Amino acid sequence: MDKPSINIIEFKELYNILLELDSETHFKINYYNSESDILKLVENKKININYSTIILKKPLKKIKGKNVIIFDKLPIRIDKILDIINIHLIKQKYDLQSDLKIKDYSLDLNSRTISKNKKKLNLTEREIDILIFLSKQKEPQKIDILQKKVWNYSLELETHTVETHIYRLRKKIKDTFEDDNFINSKKDGYLIE
């Protein structure tokens, strides 16, 4: 699994310290010399500022929001800095998992629910895995691909297991949201369009 990234702007001292501790941290570290450097990446859609953790030594004009950590009261112990960063990353992950969009539905991984128009449906972990996998695909997915990618099995799993899970998930969605077309069954497999 990829480490989350933190982006440090105009705070070379902290970057150098964290770089030395890189093998002990649970995040990747990027450094930018100026606010304009990171704003160019945002403009070119290489960084989504709403989903990035940014660390500053002092407040900047255009970089603001809940994903910004400012260490302007120095000195501060490195273990305290790491605690603040790790807590921030945990909160950020929780927030990101609470509102994934699939079509016009909201999927909340934290509460294992999918919702639309004030209606809510509880899902199993496997159902969530199926939805996330299918929502990322552009082409229909065959049963053997679902076995491998969602169940992490090769040919040992019976195809009926996959078909049964998809059938039950489609039925739950139809019964709750009256949506017959959320997961489509094509001749080449299953797809969320």
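Computed from label points 7 Å out along Cα-Cβ, the spacing between LYS174 and TRP151 is 2.2 nm.
Treating r as the C-beta distance of LYS138 and ASN48 and R0 as 22 Å, the FRET efficiency rounds to 0.60. Which of the DSSP-defined H helices in the chain satisfy a minimum axial length of 18 Å, computed from C-alpha atoms, and a minimum mean Kyte-Doolittle hydropathy of -1.0? Membrane-span-like by this criterion, though nothing is claimed about a membrane: 78-97, 159-177. Calculated accessible area for region 40-155 comes out at 68 Å² per residue, all protein chains present (probe 1.4 Å; ligands, DNA, RNA ignored). Proximity of backbone amide H atoms, modeled 1.01 Å from N, is registered between TYR190 and GLN141, LYS142 at under 5 Å, excluding neighbours fewer than 5 places apart on the same chain. Per-residue extension of 0.36 nm, minus the Cα-Cα distance of ASP79 and LYS91, leaves a gain of 2.5 nm for this segment.
Taking amide H atoms as placed 1.01 Å from N in the peptide plane, the amide H of TYR153 lies under 5 Å from those of LYS148, each 5 or more residues away in sequence or on another chain. Here the label points at LYS66 and SER5, each 7 Å from Cα along the C-beta direction, are separated by 2.2 nm in the simple model. For the cross-link pairs LYS64/LYS119; LYS64/LYS103; LYS57/LYS101; LYS57/LYS93; LYS46/LYS138, the ones whose C-alpha atoms lie over 27 Å apart are LYS64/LYS119; LYS64/LYS103; LYS57/LYS101.
Simple rule: put +1 on each Lys or Arg Cβ and -1 on each Asp or Glu Cβ in region 34-105, find the dipole, and look at ASN86, ILE76, PRO59; the Cα lying farthest toward the positive end is PRO59. What a 1.4 Å probe finds exposed on the chain is 48% carbon and sulfur by accessible area, rounded to a whole percent.
The values are calculated or read from the model by the stated rules, or taken from the named source; none is laboratory data. Since the model is a prediction, treat every value here as computed from it, not as a measurement. Neighbour counts run over all protein chains shown; Cβ positions are idealised from the backbone, glycine included. Just the protein is used for accessible areas: all its heavy atoms, side chains included, with ligands, DNA and RNA removed. Shrake-Rupley method; radii C 1.70, N 1.55, O 1.52, S 1.80 Å.
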